[in-house]
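Visitor: What follows is a single structure, and I will ask about it in a moment.
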Amino acid sequence: MSTFMVIYKGYQRLLTNHPMLVQSCQASVLMGTGDLIAQTVVEKKSIAEVDFGRTARFSTLGLVLVGPTLTTWYKCLEKLYGTSKKYRVIKKVATDQLCFVPCFHAVFITSINVLNGHDWAFTKEQLRLKYVDVVTSNYALWPAVQLVNFRFVPLSYQVLVVQCVAVFWNVYLSWKTQFGVEKKL
């Protein structure tokens, strides 16, 4: 058996037995990767200048917020719309983008500011300044991704697909949530 197949079968077994843990860990790794790309490519920092604490905080958000939330949300969408109902994919995308996305991005922006040690007044200002841009940018990318994801990808892999695409989205989110924010120590 090839190395790839051994890794794939191991991943399958872990995903079957521990879906929340696996999807949370993969979200953590991929969010951390997005932050590192944001710092080194977008912000043009050298490795010596990279804020690894920031990367750790972004990764932590993947582990405790993004991974568990997406895993739970996609299961809820699956239960709500099933697999054979008419227009189920359109309904899933519409519910995801119109109900989940606006709430989730508010929670995300708030959470990253809290993890960065900012007070409530500062966090509210960041929400005011960045929320509309983040949600608007979301609508330029994610409806198309989710159409494909919900139509062709089995439920157990939907978080992985989203998180792979989200490496690029996380570069944007990392940059956007840090842009114009003075570093607090």
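Visitor: Determine by what factor the alpha-carbon radius of gyration of the chain differs from 2.2 N^0.38 Å, reporting the quotient.
Guide: The reported ratio for this selection is 1.08.
Visitor: Can you tell me the dipole magnitude for the chain around its Cα centre, using point charges on the Cβ only (Lys, Arg +1; Asp, Glu -1), in Debye to the nearest 20?
Guide: With only Lys, Arg, Asp and Glu charged at Cβ, the dipole is about 680 debye.
Visitor: Further, regarding this structure: Normalised by the residues of segment 96-180, what does the relative contact order come to in percent, with Cα pairs under 8 Å and at least six apart?
Guide: 32
Visitor: Given an 8 Å cut-off on Cα distances and at least 6 residues of separation, report the relative contact order of the chain as a percent.
Guide: Computed over the chain, the figure is 33 percent.
Visitor: What length, rounded to one decimal in nm, is gained on full extension from residue 76 through to residue 95, with 0.36 nm per residue of separation minus their alpha-carbon distance?
Guide: The span from residue 76 to residue 95 would gain 5.8 nm if fully extended.
Visitor: If you plug each phi of segment 51-62 into the Karplus form 6.51 cos²θ - 1.76 cosθ + 1.60 with θ = phi - 60°, what whole-Hz ³J(HN,Hα) values come out, in order, with x for Gly and Pro?
Guide: My calculation for segment 51-62 gives 8, 5, x, 4, 4, 5, 5, 5, 5, 4, 4, x Hz in order.
Visitor: Separate question: Can you compute the helix-only [θ] at 222 nm over the chain? Use -39500 (n - 2.57) per DSSP H run of at least 4 residues, normalise by all residues, nearest 500 deg cm²/dmol.
Guide: -25500 deg cm²/dmol
Visitor: In whole Å, what is the distance between the alpha-carbon centres of segment 1-49 and segment 115-174?
Guide: Distance between centres, Cα-based: 17 Å.
Visitor: Please identify, among 75, 44, 130, the residue showing maximal mean-square fluctuation in a Gaussian network model of the chain using a 10 angstrom Cα cutoff.
Guide: Among 75, 44, 130, the largest GNM mean-square fluctuation belongs to 44.
Visitor: On to the next question. Report the FRET efficiency, 1/(1 + (r/R0)^6), for residue 44 and residue 140, where r is their Cβ-Cβ distance and R0 is 22 Å, rounded to 0.05.
Guide: 0.35
Visitor: A follow-up question, please. Place the peptides 137-148, 53-64 in order of packing, highest mean first, counting for every residue the other Cβ atoms within 10 Å and averaging per peptide.
Guide: 53-64, 137-148
Coordinate-derived values only; no laboratory data. Nothing here was measured: the structure is a model prediction, and the numbers come from that model. All Cβ positions, glycine included, derive from the backbone under ideal geometry; neighbour counts span all protein chains shown.
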